[in-house]
1. Under a 10 Å cutoff between Cα atoms, tell me which one of LEU172, LEU196, LEU138 has the largest fluctuation in the Gaussian network model of the chain.
2. In the chain, what % of DSSP beta bridges are antiparallel (nearest 5)?
3. Can you list the HN-Hα couplings for region 160-177, worked out from phi with the Karplus curve (6.51, -1.76, 1.60; θ = phi - 60°), rounded to whole Hz and with x for Gly and Pro?
4. Cross-link list LYS38/LYS136; LYS95/LYS139; LYS95/LYS244: which exceed 26 angstrom alpha carbon to alpha carbon?
5. With only Lys, Arg, Asp and Glu charged, each at its Cβ (+1 for the first two, -1 for the last two), find how big the charge dipole of region 274-374 is about the Cα centre; round to the nearest 20 debye.
6. Once R0 is set to 56 Å, what does the formula 1/(1 + (r/R0)^6) return for the Cβ-Cβ distance between LYS5 and THR59, expressed as a FRET efficiency to the nearest 0.05?
7. Would you grab the residues whose amide H sits under 5 Å from the one on SER103? Only those 5+ places off in sequence or on another chain, please, with H modelled 1.01 Å from N.
8. Which order do the peptides 151-163, 51-63 take when ranked by the mean count of other beta-carbon atoms within 10 Å per residue, highest first?
Amino acid sequence: MRKKKILFLLLGLAVIYSFWLGVQLVRFRTYTNPALDKTPLEIQGSYHIHTTHSDGKKTPEKIAELASRSSLDFIILTDHGDPNLESMAAAGWNKGILVLTGSELSVSRGHLVALGFAPPSMPFSQNAEQAAYQIKSLKGFSIIAHPYSKVAWSWGEPIGYNGIEIINANTLLKYDFLRSIPFLPSILVKPDYALLKMLKRPVKNLKKWDELNRTHPTLGFYSVDAHLLYKPLLSFLQLHVLLKNPLSKEFEQASHQVLSALHQGRFYNAVDYAAQSHGFRFWAQKGQKSVQMGEKSIFDSHVTLHVRAEFPFTCEVHLIHNGKKIMASREKRIVHKPTHPGFYRVEVYLKERTPMRKDIPWILSNPIFFREKS
Ligand SMILES: [Zn+2]
Ligand SMILES: [Zn+2]
């Protein structure tokens, strides 16, 4: 009798739970911008992907095929290696997707992603500083991967690393899934919902990024670090690259266009599963001259900062100066007159019903750097 009662109780709880989760899933939607006129000068893609050339579960061909079925323009493969030349040979146009390749190096301080470098004549050094120097001398750039998890980064003197990963989706899947257990069954039916639930504010990464930027300009990246679950991961977090000319059809040129924009910081990051972010802009104006994200410029009293966040849903723009929030606004077009040199960046928060926590930067811009006139 008692056993029966417990069984009924459990069954009842399971029904209530399934109903509750079902309601959450039915109510979930990605906010879109139907009136948006997409510009060919903004392309979007997925960064930090592993394939069967290292510890990933799918081939570059299969991954390109999955990317071509989503709204992506490019993917960046970063297999483990020093560099991984087999994986890098997959670069090219595949199923209409621009496939760019780099490598994730295991160096003395942790994992370092190298992109945009000319083929090296010998393997990269395992010493972090030397590897960064070699990548730079081959015209490439380097990004510190997942600095606080798995192989955590040991910092030392800040030298010429170009970027740091602010969110790494693999870290969320591996180390934060316990928090998501109540939502875990939804990964089978609506993985986008489950992934959004897993996101947590990258407090330490943001703090470190701002700290690094005080001494030398560093770019921020949202990274999928995909080894499996490619279909949902590829479009979960995206880099939105701003081009000077429409993307070339010729591979070498197209590759250069995207990699040099990333190297220069002319891109922003977004959680596109929560809401489509295409069209966001952040720039500075010095008279007739505009200064883009990633650029370094001399500060003067005529500088104005501009944000365009014209979305058909509510969001809040935070302007951040040297790591401190100096303004929050729900206006769709913002002009702000800064009073001090330093670095300025933008975080945008979605103010709508979403499975994503309210403290996750839905959009994360790269900084604009102003130094004092000497
Ligand atoms: Zn790694
Ligand atoms: Zn990785």
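1. Most flexible of the set in this elastic network: LEU138.
2. 70 percent
3. x, 6, 8, x, 9, 7, 8, 10, 10, 5, 5, 4, 4, 5, 7, 10, 10, 5
4. LYS38/LYS136; LYS95/LYS139
5. Values: 18 positive and 9 negative charges, 14 e Å.
That gives region 274-374 a dipole magnitude of about 60 debye.
6. 0.60
7. Amide H neighbours of SER103: ALA114.
8. 51-63, 151-163
The values are calculated or read from the model by the stated rules, or taken from the named source; none is laboratory data. All values derive from a computational prediction rather than experimental measurement. Here Cβ is always computed from backbone atoms with ideal geometry, including for glycine, and neighbour counts include all displayed protein chains. Remember, those area values only see protein heavy atoms, side chains included, never the ligands or the DNA or RNA. Shrake-Rupley method; radii C 1.70, N 1.55, O 1.52, S 1.80 Å.
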